[in-house]
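Before any comments, here is the structure.
Read the figures in this text as sums done on the coordinates, not as results from a lab. Computed from a prediction, not measured in an experiment: that's the story for all the values here. Note that each Cβ is placed from the backbone with ideal geometry, even for glycine, and that neighbours are counted across all protein chains shown.
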Amino acid sequence: MIKRIIDRLIFGGLLVATLQIPMLADHYLQYLSGFYDATSQQVNAYRINARQHGYSSAESMINALLQESNAVVRFDAKQKLEILNQHQGLEQAIDTLSTGHLLDKALFMFNPARFDELQRVLAHYTPGIPIDIESIAICIAMALGLNATLYLPLMLFRRQPKNSAQTTASQS
């Protein structure tokens with residue numbers, strides 16, 4: 001009886017934990033959207049500046065600036081190039097978080113390379129329960145899978161003594 005209660009408590013805890021993934025993905029998307037908007041404004045300013053000065057793109061302008069002899073101009077060009085790369089990465093991240101499968105979203109968010117971003121998102125995160133059926137169904141399946149994975153070693157461990165006890169009894 002106690003075993004069943006513990007099993008249900010563990011499953012319930014896993015279910016509540018997995019239900020947080022879609023909610024966290026939404027918070028993460030909101031966080032990145034604000035950051036994306038800010039970098040988009042900078043990238044658009046680079047593009048306007050490039051057009052005004054006869055360059056075909058912001059990238060071509062930055063490449064020309066990287067060739068300048070002045071170290072300050074080259075340093076500024078490197079910073080602009082980092083912003084362009086960051087903007088492109090943010091576009092991919094927003095695409096993953098807005099249209100990706102829940103597993104893709106989880107893999108993206110819990111990637112160790114993004115630990116600092118996740119910490120900033122978690123600082124303002126409040127737990128909740130998703131309202132879409134697909135997310136709830138996936139979370140239930142994930143919780144069942146995790147629950148089974150946690151109990152698999154315990155079940156295998158319990159079977160070993162029984163098998164070895166039967167083997168010893170049959171040998172006697």
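Helix 2-52 sits at what angle to the longest principal axis of the chain, using alpha carbons and giving 0 to 90 degrees rounded to 10?
Around 10 degrees separate the two axes.
For the chain, what does the helix formula give at 222 nm: sum of -39500 (n - 2.57) over DSSP H segments with n ≥ 4, over the residue count, nearest 500 deg cm²/dmol?
Dividing the helical sum by the residues of the chain leaves -30000 deg cm²/dmol.
Could you work out how far helix 71-99 tilts from the main Cα principal axis of the chain, as a 0 to 90 degree angle to the nearest 10?
For 71-99 against the chain, the angle is about 40 degrees.
Of L32, M109, I138, whose Cα points farthest to the positive end of the dipole of the stretch 17-144 (charges on the beta-carbon: +1 Lys, Arg; -1 Asp, Glu; origin at the Cα centre)?
Ranked along the dipole, the leading option is L32.
Mind checking which of D95, D26, D76 has the largest fluctuation in a GNM of the chain, springs on alpha carbons under 10 Å?
Checking each option, the largest mean-square fluctuation is seen for D76.
Mind checking which of I48, I83, I136 has the largest fluctuation in a GNM of the chain, springs on alpha carbons under 10 Å?
Among I48, I83, I136, the largest GNM mean-square fluctuation belongs to I48.
So, with +1 on the Cβ of K and R and -1 on the Cβ of D and E, and no other charges, what is the size of the charge dipole of the chain about its Cα centre, to the nearest 20 debye?
In total the dipole reaches around 880 debye.
When averaged across all projection directions, what area in nm² does the alpha-carbon convex hull of the stretch 2-167 cover?
16.0 nm²
Over all distinct alpha-carbon pairs, what is the Kirkwood Rh of the stretch 1-91 in angstrom?
One decimal place: 16.6 Å for the Kirkwood radius.
Working out 0.36 nm times the residue gap between L122 and R4, then minus their Cα-Cα distance, what length gain in nm do you get to one decimal?
Details: separation 118, 0.36 × 118 = 42.48 nm, distance 3.28 nm.
That works out to 39.2 nm of additional length.
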